[in-house]
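Beneath this line is the structure, given in structure tokens, with notes to follow.
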Amino acid sequence: MPTTDKKVKKPKVSKASTKEKGDDKVVLRIRVRAYESKILDASVKQIMDTAVRYDANIVGPVPLPTEIKKYTVNRSPFIYKNTREQFEIRVHKRLIDIINPNAKTVESLTNLSLPSGVDIDVKML
């Protein structure tokens, strides 16, 4: 009896089909941005304390890369025209995920007062 080596192809399974039907997670993704890192860290701590107070599952804070914008300008328009001055603006960012937040958690986060200069983006995933 001759032996033949046949390769058996495995069916391709996509990532979407590996999820179980009852595994629906609601994630509240909070992205916090500020020019000063100290104010940003204080705001993130305030958000985390509020979420922990209402028994929420928290992932983070994850530090995202600092966005640096650099501007070069002339010092003088006439005699010292070749001298330049450089300025930069740094935007510090953090990411917080709250998994399966309840209504009290969402309400307390919306009523939270944070210092000026802190920008917050909230998304439901």
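Nothing in this text is a laboratory measurement; each read-out follows from the coordinates by a stated rule. These numbers were taken from a predicted model, which means no experiment stands behind them. Neighbour counts run over all protein chains shown; Cβ positions are idealised from the backbone, glycine included.
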Legend entry - Pairwise label distance in nanometres, residue 113 with residue 95, each label 7 Å out on the Cα-Cβ vector: 3.2
Legend entry - In order through the range 45-58: 3J(HN,Hα) via Karplus (6.51 cos²θ - 1.76 cosθ + 1.60), integer Hz, x for Gly, Pro: 5, 5, 5, 5, 4, 5, 5, 5, 4, 9, 6, 9, 7, 10
Inset, instruction - Return 108, 113, 43 ranked ascending by Cβ neighbour count within 10 Å, so the fewest neighbours appear first. - result: 113, 108, 43
Legend entry - Karplus-derived HN-Hα couplings along the range 108-124 (A = 6.51, B = -1.76, C = 1.60, θ = phi - 60°), whole Hz, x at Gly and Pro: 5, 6, 6, 8, 6, 9, 10, x, 5, x, 10, 9, 10, 10, 10, 10, 9
Inset, instruction - Treat each spin label as a single point 7 Å out from the Cα along the C-beta direction, and report the residue 102 to residue 35 distance in nm. - result: 4.0
Legend entry - Ranked 121, 41, criterion: other C-beta atoms within 10 Å, fewest first: 121, 41
Legend entry - Sorted by Cβ density within 10 Å, fewest first, the residues 124, 48: 124, 48
Legend entry - 15 Å Cα cut-off, lysine pairs counted over the range 24-125 (separation 8 or more, or different chains): 4
